[in-house]
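Participant: Let me give you the structure first, and then I'll get to my questions.
The values are calculated or read from the model by the stated rules, or taken from the named source; none is laboratory data. Every value quoted in this text rests on a predicted model; they were computed, and no experiment measured them. Because the Cβ atoms are built from the backbone with ideal geometry, glycine has one as well, and the counts that use them run over all protein chains shown.
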Amino acid sequence: MDIHHHIAQRLRELRSARGYSLDALAERSGVSRSNISLIERGESSPTAAVLDKLAIGLGVALASFFDDGGEGREGAQPPSPHIRAADQPRWQDPASGYVRRRLSPPAPSPLQLVEVVFPPGQRVALDSAVPGADIHQQIWLLEGRMELTVGDTLWPLAAGDCLAMQLNQPIVFHNPGTAPARYLVALATVAPFAAFTPFAPRGQSPARVTAPTTTPPPARRKP
């Protein structure tokens, strides 16, 4: 399926699953009703910024527009845990030109892997704050340079660097170099991990263990 028609189908599925009318989603997302309708009919190629607004309005991660979903698809075959490189869907942001390739197979998983090629000099600003969701991602820069502003903190990344973040605040992606940057994104939706109950030997009460508090390395503040 063409990637634009896939996005259109996923938008219709996600909106229908939540019982939102076009007007309701327009109000929640800040994207006009007419624009949403054009996207759902496959007649408009939304930018990353528009998809981000729609994702927030629907309460999902932006990556949800690129997965296989399955809401309302009766009789569908179980999704495969394997995907060939040639079948991994690619999408290009019409505004910045960055290319997103979904690496993960269609089978359901709390983890998604994405490869991004980001053109030199380009910048993409996303709100990325999904209400009520606990979504985490890590970015591992494979080639080039990137600057990520997470909230108010600027993180310069060189090849080999990895940055972890939670999608609960605005994020700005910028390639300050003269060559394309390529990076891997690992995205996961998880339950709160403040505490958990591990297994205990028979006859003993399980201990409640609190996750350790870590202090991130110092970062250069945005001027």
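Participant: Please tell me if G72 is part of a loop (DSSP other than H, G, I, E, B), surrounded by fewer than 16 Cβ atoms within 10 Å (Cβ to Cβ) and at pLDDT 90 or above.
Facilitator: Answer is no for this residue.
Participant: If you don't mind, there's one more thing I want to ask. Can you find, within segment 116-137, the residue that is surrounded by the fewest Cβ atoms within 10 Å (Cβ to Cβ) among those that are polar (S, T, N, Q) and more than 17 Å from K53 (Cβ to Cβ)?
Facilitator: Per the criteria, the residue is Q122.
Participant: Separate question: Look at A186 and say whether it is out of contact with any Phe, Trp or Tyr (no Cβ under 8 Å at 6 or more places or on another chain), part of a strand (DSSP E or B) and among the hydrophobic types (A, V, I, L, M, F, W, C).
Facilitator: no
Participant: Quickly run through segment 20-41 and pick out the residues that are within 17 Å of Q9 (Cβ to Cβ) and acidic (D, E).
Facilitator: Scanning segment 20-41 gives a single hit, E40.
Participant: Among the residues of segment 85-116, count how many are within 15 Å of the chain's Cα centre (by Cα) and under 20 Å from H174 (Cα atoms).
Facilitator: Matching residues across segment 85-116 total 10.
Participant: What are the residues in segment 86-115 that are in a strand (DSSP E or B) and under 18 Å from V50 (Cα atoms), if any?
Facilitator: Within segment 86-115, R90, W91, Q92, V99, R100 meet the criteria.
Participant: Among the residues of segment 127-179, write down those that are assigned to a loop (DSSP other than H, G, I, E, B) and closer than 20 Å to V99 by Cβ.
Facilitator: S128, G144, A159, N175, P176, G177, T178, A179
Participant: On to the next question. Of all the residues that make up segment 150-167, how many are closer than 22 Å to P180 by Cα and under 16 Å from the mean Cα position of the chain (by Cα)?
Facilitator: 3
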